[in-house]
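First up is the structure itself, then whatever we jot down about it.
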Amino acid sequence: MTGIIIFIGPTLAIADAQEVLDADYRPPVAQGDVLRALASKPAAIGIIDGYFENVPSVWHKEILFAMSEGVRVFGSGSMGALRAAELHAFGMEGVGAIFEAYMDGRLEDDDEVAVTHGPAEIGFPILTEAMVNIRRTLSDAHAAGILDEPARRGLEEVAKGLNYKERTYARILRLGREAGLSAYRLDNFLSWLPRGRADQKRDDAMAMLRRMRQEAEQGWTKASPLFSLEHTGPFVAALRSVGAEGA
C-alpha cells in the first residue's frame, strides 16, 4: 500500500505497526509536519504520537488544511486521539477508547495521554506511565478482584495528582501506602501488575492501523470536510514557512 503517512513514537514500535499496515512511518508530529507531509501527496494521514510542551504542537489548522485538500486524517492513541476529538466535528476520524472518552467528556486533560520517553535513536523508550493506561489497569485489577473499590479509587487519585513526568507505578504505590491504602491490596496489585498491566494507547493505535488498512484495501475515498477553510494572512505565512504553499 502507498500514500499513507503515520506519525508514531513511544506508543507503538514501528516494527509492530508495519506488521499491520504498510505506510510511511514518521516521528511524532510537531507543528508544521502535517503541512510538510502534503508534499508527498498522501491519500491519508494517521496521527498517533505528537510533541507538546517543549516542541510546538501540531496546529489544528494544518489538519483542517489537509482535509480541505481531500486527505483523510485519522487520530488515535495519544496526541492523535486528542486532536481527533477536538476536530471530529470538522471531519477528522478518531479511533479507539481514548478518543471516545475525550469525545463524551470522561477525559478532558491533555496530561491523560502524556508520557516522558527516551530519544528516537533508541526507539522512544517510555519512562513514565500514561494516565489513561493507569486508569485501564486499575479498572482491570478491580474487575479481577485484585483491588477493592477504595484501593482502586485511591490509587487513581494518587496517580492523577502527580505530574505526568512523575507517573510510575513504583511512585504511585509508594504514595498509596503513605496515604494508608490497604497494604494487602497493594501487595496483591504489585504481584499481579506484570501480567495485568494494560496499554490502552497501544491497543487504540493498533485499532487505527487496522481501520486504515481496511480503508486502503477498499480504495481510498477523499475527505469530505465539513467546513470552509479561510486562508488568512498568518496561515499563508505558515504555509510558506514550511514550503507547503503549493500543496
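The values are calculated or read from the model by the stated rules, or taken from the named source; none is laboratory data. None of these values were measured; they are calculated from a predicted model. In this analysis, Cβ positions are derived from the backbone assuming ideal geometry, glycine residues included, and neighbour counts consider all displayed protein chains.
If you check residue 34 against the conditions, is it among the aliphatic types (A, V, I, L, M) and under 15 Å from residue 79 (Cβ atoms)?
Judged against the criteria, residue 34 is a match.
Give me the pairs: first residue in the range 140-162 and under 10 Å from residue 176 (Cα atoms) and in contact (Cβ under 8 Å) with a residue 24 or more places away in the chain, second residue surrounded by 15 or more Cβ atoms within 10 Å (Cβ to Cβ) and of a type in the set (Gly, Ala, Ser), beta-carbon distance under 7 Å, and six or more apart or on different chains, which are they?
From residues that are under 10 Å from residue 176 (Cα atoms) and in contact (Cβ under 8 Å) with a residue 24 or more places away in the chain, the pairs are 151/182; 154/176; 155/176.
Looking at the range 196-205, is at least one residue hydrophobic (A, V, I, L, M, F, W, C) and closer than 22 Å to residue 114 by Cβ?
There is at least one residue in the range 196-205 that is hydrophobic (A, V, I, L, M, F, W, C) and closer than 22 Å to residue 114 by Cβ.
With the requirement that a residue be in contact with a Phe, Trp or Tyr (Cβ under 9 Å, 6 or more places away or on another chain), crowded, with 23+ Cβ neighbours inside 10 Å and in a loop (DSSP other than H, G, I, E, B), what does the range 18-60 give you?
Of everything in the range 18-60, those that are in contact with a Phe, Trp or Tyr (Cβ under 9 Å, 6 or more places away or on another chain), crowded, with 23+ Cβ neighbours inside 10 Å and in a loop (DSSP other than H, G, I, E, B) turn out to be 28, 48, 49, 58.
Pick from 87, 107: which is closer than 19 Å to residue 208 by Cβ and either among the polar types (S, T, N, Q) or assigned to a loop (DSSP other than H, G, I, E, B) (or both)?
Checking each option against the conditions leaves just 107.
Among the candidates 49, 22, which residue alone is in the same structural domain as residue 228 (by TED's automatic domain parsing), among the acidic types (Asp, Glu), under 14 Å from the mean Cα position of the chain (by Cα) and at pLDDT 95 or above? Working first, answer last.
On the way: 22 fails: under 14 Å from the mean Cα position of the chain (by Cα).
Within the list 49, 22, the selection yields 49.
Starting from the range 31-53, keep only residues that are closer than 23 Å to residue 10 by Cα, then list their pairs with residues that are among the polar types (S, T, N, Q) and buried (at least 21 other Cβ atoms within 10 Å of the Cβ) whose Cβ atoms are within a distance under 8 Å, requiring at least 6 positions of separation or different chains.
Once the first residue is closer than 23 Å to residue 10 by Cα and sits in the range 31-53, its partners that are among the polar types (S, T, N, Q) and buried (at least 21 other Cβ atoms within 10 Å of the Cβ) give 46/76; 47/76; 48/11; 48/76; 48/78; 49/11; 49/78; 50/78.
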